[in-house]
Amino acid sequence: MQLSLDQAKGLCRMAALGAGANEEAAQSLTASIISAEAEGLSTVGLSHLIDYLEALEAGRIDGNADPVITRPALAVYLSDARGGLAHTGFDRTIDDLAKAARLFGVAIFSQKNAYTCGALGYFTGRLAAQGLVSFAATNGPAILAGSGSTKPVYCTNPMSFAAPAADGAPLVIDQSSSATAFVNIRKAAEDGKKIPEGWALDASGNPTTDPAAAMKGAMLAFGGQRGANIALMVEVLAAGLSGANWSLDAPWFTGGAESPGTGLFVLAVEPKLLDPDFEQRMKDQLDRLRRRYGVHVPGRARAEAVERAQARGITASKAVVQRISEFAARYSS
């Protein structure tokens, strides 16, 4: 089905309201989902919204949660999401976070007790749009084996980095510590397709190309031990510093009535205090890497996809739109 961005926004907002979110939460969730879909990240776009809607319905997300945000130091913002979305507390804080980064050079946003946050580049990309360099890390329920382990101990534990560039799209890197994202394994299972070797283990700790068996076993980190070490680093930043659930202690995000209670860490840096010409130098370097050396520069394709989506709308699965519409009908009725 073809939808304009405005149509998709309206549908998502009504669906979130129908599932039990208040207006603030519905708008925060909708903005993140539409951003992902417009950027071509369909696995964390409209199809992933259904996870949020079902979580709102079941109580895994408190759609009326009122985040408590404190400031334990002038450049540090600590958010307790109180069982709600990861996006709401950040949305309330982003402007103050950016101001603090410009004033002090760096600023930190740390959050606990939230539902999983979807596309992590959504957070860093917004800071890059304000001229800031940023790094983010988040965790979730355990699904990834650690170094030397065959049992899940971490989530896919993604990290994201973004930096502004003059007169163009920012650099936006968003990747998991796992060999692939969980949603890719779940989609392969839904489509009846095999997954590549090196992505996962079955419940007995054996390598598998069966996505259904992988979902009962453990995912594998990219790069073996090095990737697993990065997953641990992300775990400490996201859950350790914030007081959020460690991945081992986080309830599953698609079942039950408990919030996974996960963490989010965002670091914002004002580059102009270090180099007033940073954005122009970034543009020149990214152009050189891309044009002379054929380097793929993350972020450019996303920006181009957004331009296309703004002009032509987005294409979504009829089944996905129908399921979202079921929730939206509850609000309109």
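The values are calculated or read from the model by the stated rules, or taken from the named source; none is laboratory data. Please read these numbers as outputs of a predicted model, since none were measured by experiment. Neighbour counts run over all protein chains shown; Cβ positions are idealised from the backbone, glycine included. The area values use the complete protein model at the heavy-atom level, side chains included, leaving out ligands, DNA and RNA. Shrake-Rupley method; radii C 1.70, N 1.55, O 1.52, S 1.80 Å.
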**Request:** Would you calculate, for the chain, the mean residue ellipticity at 222 nm contributed by helices, counting each DSSP H stretch of 4 or more residues as -39,500 (n - 2.57) and dividing by all residues, to the nearest 500?
**Result:** -13500 deg cm²/dmol
**Prompt:** So, with a 1.4 angstrom probe, what is the percent of accessible area on the range 290-333 that is carbon and sulfur?
**Reply:** 46
**Message:** From the P(r) of the range 234-298, could you give the percentage of C-alpha pairs in the tail past 20 Å?
**Reply:** 59
**Asked** Using a simple charge model, +1 on the beta-carbon of Lys and Arg, -1 on the beta-carbon of Asp and Glu, nothing else, what dipole does the chain show about its Cα centre, in debye to the nearest 20?
**Response** 620
**Fill in**
Quick shape summary for the range 168-290, equivalent ellipsoid via Cα gyration tensor, semi-axes whole Å in descending order, reads 34, 21, 13
**Request:** Work out from phi, with θ = phi - 60° and the Karplus expression 6.51 cos²θ - 1.76 cosθ + 1.60, the ³J(HN,Hα) of each residue of the range 189-201, listed in order in whole Hz, and give x for Gly and Pro.
**Result:** 5, 5, 8, x, 10, 7, 10, x, 5, x, 8, 7, 10
**Request:** Using a 1.4 angstrom probe, figure out how much accessible area the range 261-302 has per residue, in square angstrom, rounded to the nearest whole.
**Result:** 62
**Fill in**
The relative contact order of the chain, taking Cα pairs under 8 Å that sit 6 or more residues apart, comes to a percentage of 25
**Asked** With θ set to phi - 60° and the Karplus curve 6.51 cos²θ - 1.76 cosθ + 1.60, what are the ³J(HN,Hα) couplings of the range 148-156 in order, to the nearest whole Hz, using x for Gly and Pro?
**Response** x, 10, 10, 10, x, 10, 10, 7, 5
**Prompt:** On average, how much accessible surface per residue is there in the range 54-140, in Å², for a 1.4 Å probe, leaving out ligands, DNA and RNA?
**Reply:** 34
**Message:** From the alpha carbon gyration tensor of the chain, can you work out the equivalent ellipsoid semi-axes (sqrt of 5 times each eigenvalue) and give them in Å, largest to smallest?
**Reply:** 28, 25, 23
**Prompt:** Within the accessible area of the range 68-166, what % is carbon and sulfur when the probe is 1.4 Å and the other protein chains stay in place?
**Reply:** 59
**Request:** At a Cα cut-off below 24 Å, give the lysines reachable from residue 112, other chains included and same-chain residues fewer than 8 away excluded.
**Result:** 99
**Request:** Report the semi-axes of the equivalent ellipsoid for the range 40-132 in whole Å, largest first, where each axis is √(5λ) for an eigenvalue λ of the Cα gyration tensor.
**Result:** 26, 17, 8
**Asked** What is the projected area of the convex hull of the Cα atoms of the range 108-241, averaged over all directions, in nm²?
**Response** 8.8
**Prompt:** Do you know the relative contact order of the range 4-150, to the nearest whole percent, from alpha carbon pairs under 8 angstrom that are 6+ apart?
**Reply:** 18
